Amino acid sequence: MNENNFIDIFIDEAKELLFSLEDHLLLLEKNINDSETISAIFRVMHTIKGSAGIVGLDNISTFTHRVESIFELVRNGKVKVTKELIDFTLSARDIILEMLHDNDFHLEESEEYFNNFEQTLVYVAENKKDNTFKTYKVKFIPEKEIFFSGNNPTNIILELQELGDSIVIPCYSNIPKLTDINPEHCYISWDIFINTNKSINELYDVFVFVDGSSEVSIEPWRSDNIEYDKLGEILVKTGHIDKNALNDALLDQKKLGEILVKNNNISETQLNKALETQQFLKNIKQSSSPIRNEDSIRIKSYKLDNLVDLVGEIVTSYAQILETGKETKNIKLINQIERFGMLTDELRDNSMNLRMLPIGSTFSKFNRLVRDLSVELGKEITLITDGEETELDKNVIEQLQDPLVHIIRNAIDHGIETIDERKVLNKSNNGTISLIAKHEGSNVNIIIEDDGKGLDKEKIISTAQSNGLITDNFNYSDKEIFNMILQPGFSTAEKITNLSGRGVGLDVVKKQIEGLKGTVNIESEMGKYTKITLEIPLTLAIIEGLSVKIHDQSYVLPLQNVEACVELSESRKIELNGKNVISFRDQLVPFIDIRDEFDINTPRNNIEQIVIVKTSSDKIGVLVDSVFSSTQIVIKPLSRFYQGLKEVSGATIMGDGTIALVLDIEQLAKNVRSRVNNLC
Amino acid sequence: MTTTINIGTKLTVHNIKEVYIDIVNNVDDSDYFVLDISDLTDIDITGFQLLCCLIHDSLESKININLSGVLTDEFIKSINEITFSENNLSTVEDLIRLIKAFF
């Protein structure tokens, strides 16, 4: 591996760390006394600093070191967590992110910024009372003649206990026999675990009158330090049992405490005391243990893409082998192929799962967006997220980022009212934007809802008319009206802000979501809410498709859009009199003739099929020769030579080895609509 | 010969040496030695160490000694303070069981 590889790995890891840093900072802003979050922030800084230094990115290392130093002061309780500190650290985090791409980014300017900020911190530090709790292990072995100096170890320990929550473990094992003891000497020592917001020096101050020959050591107790975690070890350490008793008890394979009580090695009281000690340390460990990542390995995403491509090839090959096998009529061979098919299915599912990522990583990025923009606009907005664990194909998640930014910006800028406006409307000052992901069949629905002013239907219609998007006064449904705001160039915003209102945005959102084979649905009630639902397929690479044929050419329609298949007989064709509209479940549904669409001039069948499919706004029919079967297909992109073929979203290889085109339902629907409009 | 010593009200660093010498001398001279702690109200680490030491040696049959008497509330409180634990002591047998558990 060369140096650049290491830098690439560092950059990947640093980006992840910086995103988690942003989350931690926003959490800290909500709970400024959360010592665990402060520690987590410190750890992120520390890791980035160290790793950057290792790969030779010294500017990043130096810069991060300065931020880390500030957070060390915070961690040690010397600096108070303030909004200014959070703002500063978020900005510093952004600078580090930029520096990942350009190691020299803004280094000189940031120097001055740092100096100014650090001066502010000194002021804060002077007025700061400590509020960070840490756990220390205090070991106290008094000198034997401690009583001659007027000291009483019990009083010293009691004084120490006043500084925090503590547990004291006396050790009696050094008390000698009657003949050997000097009764005026001290033979007992103590281990004290104390959870306190005092500094280590304040703890040492308790022992200030203890003679130097006594042993006092105080060190931060780390949660991964488990030397006293086991009950037996605690009892051996305190002298209640020796190691032999411990080993005998362990061999009995019963509850250690019960055995020791039964063997009269300890009393129940002593057992309870030891269990109490164990629980105390466990509690500290639990409350301070860092969030552990699940075991994982880092793989370049293109390798996963390659794997999924190869699995797609295997799925295709399997379909071909099955076809060939069936032709041989060799039952044994067919059984073996079917077994191979089951394994292929498993392989496909597992490899697709590798690309599935929880959407939470994308959601968490919006906390910052909402925080910064609401401050900029003088609004109070809370972002509520749910369903972060919902998994989507990583390619889908990447492409969802921009549409979600558009929608959330719109909600902040146009949806949520200002504080004054909300007061007038008897709404709470604090507006809410919910960002929710949930499974819905083979889709994931992403719902963005705000409790703001809602959409003004009359204003939308009037704007659509003045923009030439509609020319009539047709009685539009709510859905149709709301869909108008997804048209290019549409904006009802009277004031153009730097956030939104330029008429660019929601049409782009629609296009991007349709690019993901998804749909956009809008619901709203004036003065109450706006709810935008993005229906996104779980994955783009392999879908369930309905294969249809025109002459000897196969086409595939996404099965999730298919509602029904209707026969179109000769007699019915006569009834339609050349009009491409049929009655389906008491509804007139326009249909598109694929033969016409693709200029196919082969003879028609006597009986044709209309596949009724639902689109984002309505239903259309697709006229084909015959409906073949439903099948899982691996979608392959078309080469750039076919980019102009809008009605086709990709291609796939069928079981018989032929190539089938995957039809783009939304584009076909657009074609139908434009023809209907032309007729009108 | 059985010898019983009443330890008095105090077993602290201030009188521990005298009590110790008294005990050692009587242990040497007696077949069976009983330490009466009925009046004991004030005990510190040195006193507790001495009690521990006596119980430990008796456990190992080095001496033939026993504790007797009723535990005063003050004594129980002091023991709890010295051991930094609520020991639920009410009888001298409880105290012996507690100390035995240390060894």
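The values are calculated or read from the model by the stated rules, or taken from the named source; none is laboratory data. Everything numeric here is computed off the predicted structure, so don't read it as measured data. Neighbour counts are summed over all protein chains in view; Cβ atoms, including those assigned to glycine, are modelled from backbone coordinates with ideal geometry.
Numerical summary
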{"quantity": "Residue match in the range B:49-66 (condition: more than 14 Å from chain A (Cβ to nearest Cβ) and over 11 Å from the mean Cα position of the chain (by Cα))", "calculated": "no"}
{"quantity": "Number of positions in the range A:35-57 that are surrounded by fewer than 18 Cβ atoms within 10 Å (Cβ to Cβ), without any contact (Cβ under 8 Å) to a residue 24 or more places away in the chain and within 14 Å of residue A:99 (Cα to Cα)", "calculated": "1"}
{"quantity": "Residue within the range A:60-69 that is within 21 Å of residue A:367 (Cβ to Cβ), in contact with a helix residue (DSSP H, G or I) (Cβ under 8 Å, 6 or more places away or on another chain) and crowded, with 18+ Cβ neighbours inside 10 Å present", "calculated": "yes"}
{"quantity": "Members of the range A:5-55 found to be over 20 Å from residue A:388 (Cβ atoms) and of a type in the set (S, T, N, Q), listed by number", "calculated": "A:5, A:33, A:35, A:39, A:47, A:51"}
{"quantity": "Failed item in (1) exposed (fewer than 15 other Cβ atoms within 10 Å of the Cβ); (2) within 14 Å of chain B (Cβ to nearest Cβ); (3) out of contact with any helix residue (DSSP H, G or I) (no Cβ under 8 Å at 6 or more places or on another chain), with residue A:143 passing the rest", "calculated": "(1)"}
{"quantity": "Residues being touching a helix residue (DSSP H, G or I) at 6+ places or on another chain (Cβ under 6 Å) and modelled with pLDDT of 90 or more - total across the range A:611-622", "calculated": "2"}
{"quantity": "Single match in A:18, A:90, A:28 (criterion: modelled with pLDDT of 85 or more and under 30 Å from residue A:219 (Cβ atoms))", "calculated": "A:28"}
{"quantity": "Looking only at the range A:314-328, and only at residues there that are within 17 Å of residue A:635 (Cα to Cα) and touching a residue at least 24 places away in the same chain (Cβ under 8 Å), the one that is surrounded by the fewest Cβ atoms within 10 Å (Cβ to Cβ)", "calculated": "A:320"}
{"quantity": "Candidates A:556, A:566 - the one that is over 18 Å from residue A:656 (Cα atoms), at pLDDT 85 or above and not in a loop (DSSP other than H, G, I, E, B)", "calculated": "A:566"}
{"quantity": "Boolean, residue A:616 is crowded, with 17+ Cβ neighbours inside 10 Å and part of a loop (DSSP other than H, G, I, E, B)", "calculated": "yes"}
{"quantity": "Matching option when the condition is over 18 Å from residue A:632 (Cβ atoms) and under 31 Å from the mean Cα position of the chain (by Cα), among A:331, A:397", "calculated": "A:397"}
{"quantity": "Filter pass, residue B:74 being within 12 Å of chain A (Cβ to nearest Cβ) and not in a loop (DSSP other than H, G, I, E, B)", "calculated": "no"}
{"quantity": "Filtered residue count, the range B:28-71, keeping only those that are assigned to a helix (DSSP H, G or I) and touching a residue at least 40 places away in the same chain (Cβ under 8 Å)", "calculated": "5"}
{"quantity": "Of residues in the range A:400-415 being buried (at least 18 other Cβ atoms within 10 Å of the Cβ) and among the β-branched types (Val, Ile, Thr), the one farthest from the chain's Cα centre (by Cα)", "calculated": "A:412"}
{"quantity": "Matching residues in the range B:50-89 - criterion: being polar (S, T, N, Q), over 21 Å from residue B:19 (Cα atoms) and in contact with a strand residue (DSSP E or B) (Cβ under 9 Å, 6 or more places away or on another chain)", "calculated": "B:83, B:85"}
{"quantity": "Subset of the range A:402-416 [in contact with a Gly (Cβ under 6 Å, 6 or more places away or on another chain) and under 16 Å from residue A:528 (Cα atoms)]", "calculated": "A:415, A:416"}
{"quantity": "Count - residues of the range A:579-613 that are among the charged types (D, E, K, R), under 14 Å from residue A:565 (Cα atoms) and exposed (fewer than 15 other Cβ atoms within 10 Å of the Cβ)", "calculated": "1"}
{"quantity": "Residue ID - surrounded by the fewest Cβ atoms within 10 Å (Cβ to Cβ), chosen from residues in the range A:158-185 that are within 7 Å of chain B (Cβ to nearest Cβ) and not in a loop (DSSP other than H, G, I, E, B)", "calculated": "A:168"}
{"quantity": "Answer from A:597, A:608 - the residue that is over 28 Å from residue A:512 (Cα atoms), among the charged types (D, E, K, R) and at pLDDT 85 or above", "calculated": "A:608"}
{"quantity": "Only one of B:44, B:39 that is surrounded by fewer than 21 Cβ atoms within 10 Å (Cβ to Cβ) and charged (D, E, K, R)", "calculated": "B:39"}
{"quantity": "Within the range B:77-99, considering residues that are part of a helix (DSSP H, G or I), out of contact with any Phe, Trp or Tyr (no Cβ under 9 Å at 6 or more places or on another chain) and within 7 Å of chain A (Cβ to nearest Cβ), the one surrounded by the fewest Cβ atoms within 10 Å (Cβ to Cβ)", "calculated": "B:81"}
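Let's see how each residue does on (1) in a loop (DSSP other than H, G, I, E, B); (2) modelled with pLDDT under 70:
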site: A:474; (1), (2): yes, no
site: A:483; (1), (2): no, no
site: A:486; (1), (2): yes, no
site: A:498; (1), (2): yes, yes
